[in-house]
Amino acid sequence: MFCANCGMEIEDNVNFCSHCGANLGSVQKGVTKSVEYQPQVQQPSHSGPYQQPTAYYQPPRTYLPHKSEVVALLLSWFVLPGLGQMYAGKIGRGLGFLFGLMVGGIAVGVGAFWLIWWALPLFIILILALIAIQIWCLVDSYQTAAKYNKFVARTGRPPQSRDIW
């Protein structure tokens, strides 16, 4: 006897094919194999290992720019005041720190050249103000780079001039 589904030879009086598992109870017993008979072979519906379908479109990952807070801090401390802000994308703020500290430095230099005994308290106050501005510049450069990175993480793109960050 042959299976009506796969065409393989099976034992007589069985209800299920031992090769494909087809139910032979409703098929007539004693079906013989003929030359014209072509067994139906089922092809798998997939061509590889099963893959979990994605629930939504995922665009390809692109490089998102990242600004190091430490680099911003070091640029403002060792290279040029305000350069850390410029590195993080705040050009105007960086230029403001740069020119502010330059003008203050010039004022201190002129004050030191023309120092007289009664101007000493003003000279010390000016030096302390420059030190405070430099510290503010360093802290701001670090925070500006951190805000830049948070904006990139939140929006997936670098900030532009119209963005508030």
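Every residue, every condition in (1) surrounded by 15 or more Cβ atoms within 10 Å (Cβ to Cβ); (2) farther than 25 Å from residue 77 by Cα; (3) among the aliphatic types (A, V, I, L, M), yes or no:
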site: 129; (1), (2), (3): no, no, yes
site: 145; (1), (2), (3): yes, no, yes
site: 157; (1), (2), (3): no, yes, no
site: 164; (1), (2), (3): no, yes, yes
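Being surrounded by fewer than 17 Cβ atoms within 10 Å (Cβ to Cβ), free of Cβ contacts under 8 Å to residues at least 60 places away in the same chain and under 14 Å from residue 75 (Cα atoms) narrows it down to one residue among 110, 103, 139; which is it? Outline the logic, then answer.
Working: 110 fails: under 14 Å from residue 75 (Cα atoms); 103 fails: under 14 Å from residue 75 (Cα atoms).
Exactly one residue qualifies, and that residue is 139.
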Query raised in the report: What pairs can you find where one residue is in the range 85-99 and within 18 Å of residue 158 (Cα to Cα), the other is of a type in the set (Val, Ile, Thr) and surrounded by 18 or more Cβ atoms within 10 Å (Cβ to Cβ), and their Cβ atoms are less than 6 Å apart, with a gap of 6+ or different chains?
Result: 85/144; 88/144; 90/144
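No value in this document is a laboratory result; all are computed from the given coordinates. Owing to the predicted nature of the structure, the values given are computational and were not obtained by experimental measurement. Methodologically, a virtual Cβ is constructed for each residue, glycine included, from the backbone with ideal geometry; neighbour enumeration extends over all protein chains shown.
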